[in-house]
1. Name the one entry in Leu235, Leu270 that is surrounded by 17 or more Cβ atoms within 10 Å (Cβ to Cβ) and without any contact (Cβ under 8 Å) to a residue 60 or more places away in the chain.
2. Given the conditions (1) among the small types (Gly, Ala, Ser); (2) in contact (Cβ under 8 Å) with a residue 60 or more places away in the chain; (3) assigned to a helix (DSSP H, G or I), and given that Ala299 satisfies all but one, which numbered condition is not satisfied?
3. Kindly evaluate Val372 against the criterion of being in a strand (DSSP E or B), surrounded by fewer than 16 Cβ atoms within 10 Å (Cβ to Cβ) and free of Cβ contacts under 8 Å to residues at least 40 places away in the same chain.
4. Take Phe97 and decide whether it is crowded, with 24+ Cβ neighbours inside 10 Å and within 16 Å of Met36 (Cα to Cα).
5. Is there a residue being touching a strand residue (DSSP E or B) at 6+ places or on another chain (Cβ under 7 Å), in a helix (DSSP H, G or I), among the aromatic types (Phe, Trp, Tyr) and in contact (Cβ under 8 Å) with a residue 40 or more places away in the chain anywhere in segment 148-159?
6. Would you mind stating whether Ser151 is surrounded by 19 or more Cβ atoms within 10 Å (Cβ to Cβ), within 29 Å of Leu302 (Cβ to Cβ), among the small types (Gly, Ala, Ser) and more than 19 Å from the chain's Cα centre (by Cα)?
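The values are calculated or read from the model by the stated rules, or taken from the named source; none is laboratory data. Values in this document were obtained by computation on a predicted structure and should not be read as measured data. Please note: Cβ atoms are built from the backbone with ideal geometry, for glycine as well, and neighbour counts cover all protein chains shown.
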Amino acid sequence: MRSAATFAALALAFAALFTGCDSGPEKLKIGVAGPMTGTDAAFGAQLKNGAEQAVADINAAGGINGQQVELFVGDDAGDPRQGVSVANNFLGEGVNFVVGHFNSGVSMPASEVYVDNGILMITPASTNPMITDRKLWNVFRTCGRDDQQGSVAGKYIAEHLKDKKVAIIHDKTTYGKGLADETKKAMNELGVAETLYEGVGAGEKDFTALVSKLKNAGIEVVYWGGVHTGGGLVLRQMRDQGLNAVFMSGDGIASDEFAAIAGPGTEGTLMTFGPDPQKRPEAKKIIEKFEAREYKPEAYTLYSYAAVQILKQAIEATKSVDPKTVAAYMRTGVVFDTVIGDIAFDEKGDIKQVAYVMYTWTKQPDGRITYVQNE
């Protein structure tokens, strides 16, 4: 029979063993989701890089309420079914807050998984009005809406291109068709009727028939509702077939890959997007961190960074990691200080400080063609 002293010694040994395995406080789990692969991978990279840099900066400064942040990356490949799979994977990992998704058609079904399981999501890029018009408690976005963006595009056409024949083309996706329809609506309300309205299949590559139809109709302005891959091919084939119509689109082409696909004919393309956050003096130090990694924080990179900043500020203010508590605080109208400017949310989860401006794709001194905000 062992002595009481022996049992005490064993107890102390086991206690020391388990103490030695203690990894400290559990990390706060945040997910970032988007198309890391597939045709929209350039935008997935923007969301991922923005969230990664924000988490790195937060952890370097001590974390959130003393907790370090662990970032989980989900690749939805721009596919709604894969988006639901990513959402369920996040749930299994214990993620309570998500930055994502990119495509509106992916964000909506994923958000249903999140709302049913108490997960808060902030999309940096999904602009379809239905994202927030459903009034789910858990859904927010740091970007604007297609009805706001379409209004700016439609007004520009009515004011600057009203005497030209306009074609509205979209890629039949939730985002592309939604944006095209909002632009058409705004344009029509201002007295400009389109000559052609066409939908093409997402992923289609040969637009020979479409371009011939545009030429035969004497089209002088082409508005594209869709992302940079399809839009770039349409524009390249327009130029290759001698159609020099003005090309115009929205934030879905806000990637330098658009110019790589479209070629020299990209120059002069018009695009609506939010005011360039890289022009803000307050963003300078953060931008320098991306540049040190040799990464250009274009388009939605800083919108993703801002989403993580908002989560940090809301969690610290409420001293809670309960998503419903954090979401309720975010809807109070409190102003968050972010890299893209001050942000406050309305009751639906839309930002109140919305402004879309016009950009023109312009050749730079180094020969590169990129988007530049109009003065």
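1. Answer to the selection: Leu235.
2. In the conditions (1) among the small types (Gly, Ala, Ser); (2) in contact (Cβ under 8 Å) with a residue 60 or more places away in the chain; (3) assigned to a helix (DSSP H, G or I), Ala299 misses (3) alone.
3. In short, yes.
4. On the way: crowded, with 24+ Cβ neighbours inside 10 Å: yes; within 16 Å of Met36 (Cα to Cα): no.
Here the answer is no, as Phe97 does not meet what is asked.
5. Yes: one or more hits.
6. yes
Residues are listed down the side, and each one gets a yes or a no for (1) assigned by TED's automatic domain parsing to the domain that holds Gly242; (2) modelled with pLDDT of 95 or more; (3) touching a His at 6+ places or on another chain (Cβ under 8 Å); (4) buried (at least 24 other Cβ atoms within 10 Å of the Cβ):
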residue: Asn138; (1), (2), (3), (4): no, yes, no, no
residue: Val166; (1), (2), (3), (4): yes, yes, no, yes
residue: Lys177; (1), (2), (3), (4): yes, yes, yes, no
residue: Glu182; (1), (2), (3), (4): yes, yes, no, yes
residue: Val192; (1), (2), (3), (4): yes, yes, no, no
residue: Gly201; (1), (2), (3), (4): yes, no, no, no
residue: Ala209; (1), (2), (3), (4): yes, yes, no, no
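Residue-wise test of (1) part of a helix (DSSP H, G or I); (2) in contact with a helix residue (DSSP H, G or I) (Cβ under 9 Å, 6 or more places away or on another chain); (3) surrounded by 24 or more Cβ atoms within 10 Å (Cβ to Cβ).
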site: Ala45; (1), (2), (3): yes, yes, no
site: Asn59; (1), (2), (3): yes, no, no
site: His101; (1), (2), (3): no, yes, yes
site: Gly105; (1), (2), (3): yes, yes, no
